[in-house]
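Notes for the one structure printed next.
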Amino acid sequence: MLVSVTERTREIGVRMAVGARRADIVAQFLMEAVLICLIGGAAGVLLAFGLGALIALAMPQLPMSFSALSVVLAVASSCLVGVAFGYLPARNAARLEPVQALARD
């Protein structure tokens with residue numbers, strides 16, 4: 001997220017110059033971080049199900065089971081990581097002055 005914010009300083013400057021509030025900028029980057037982590041968490045759960053099915057086929061004597069709670073906790077922890085590591089870059093992006101953001105390369 002830090003790289004995303006750094007690469008998009010001009011976009012942030014333009015949005016703030018046309019009237020976006022700091023809360024709008026923070027919300028944009030937090031939603032982006034949570035969405036990316038949600039997709040990653042879902043991909044991780046699907047990968048776990050796929051590997052579990054392969055292990056169950058290869059070794060039928062080793063039963064594989066997944067609880068709904070573990071799936072929910074995996075996706076929730078992924079989203080929590082997205083919020084935790086997306087907030088600081090989002091806050092720093094919202095604190096930029098429009099003129100400074102537009103002047104950066």
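The values are calculated or read from the model by the stated rules, or taken from the named source; none is laboratory data. It should be emphasised that the depicted structure is a prediction, and the values quoted were computed from it without experimental measurement. A quick note on method: Cβ atoms are made from the backbone with ideal geometry, for glycine too, and the neighbour counts reach across all protein chains shown. Accessible surface areas use protein heavy atoms only, side chains included; no ligands, DNA or RNA. Shrake-Rupley method; radii C 1.70, N 1.55, O 1.52, S 1.80 Å.
Take each peptide in 28-37, 62-71, count the other Cβ atoms within 10 Å of every residue, and average; sorted highest first, the result is 28-37, 62-71. Among the protein heavy atoms of the chain, carbon and sulfur supply 72% of the accessible surface, probe 1.4 Å, non-protein parts ignored. Between Ala23, Ala90, Ala76, where does the largest GNM mean-square fluctuation fall for the chain, given springs only between Cα atoms within less than 10 Å? Of Ala23, Ala90, Ala76, the Gaussian network model singles out Ala23 as fluctuating most.
Between Ala27 and Met64, the simple label model (points 7 Å from Cα in the Cβ direction) yields a spacing of 4.1 nm. Between the Cα long axis of helix 68-94 and the first principal axis of the chain there is an angle of about 10°, rounded to the nearest 10. Applied to segment 57-63, the Karplus parametrisation 6.51 cos²θ - 1.76 cosθ + 1.60 on θ = phi - 60° returns per-residue 3J(HN,Hα) values of 6, 6, 10, x, 6, 9, x Hz, with x for Gly and Pro. Taken about its Cα centre, the chain carries a charge dipole of roughly 260 debye when the Cβ of each Lys and Arg holds +1 and the Cβ of each Asp and Glu holds -1. Each residue of segment 9-14 was assigned a 3J(HN,Hα) from its phi angle through the Karplus expression (A = 6.51, B = -1.76, C = 1.60, θ = phi - 60°), giving 5, 5, 4, 4, x, 5 Hz with x at Gly and Pro. Applied to segment 25-35, the Karplus parametrisation 6.51 cos²θ - 1.76 cosθ + 1.60 on θ = phi - 60° returns per-residue 3J(HN,Hα) values of 5, 4, 4, 4, 6, 5, 5, 5, 5, 5, 5 Hz, with x for Gly and Pro. Note that segment 57-105 presents 73 Å² accessible area per residue, ligands and nucleic acids not counted, probe 1.4 Å.
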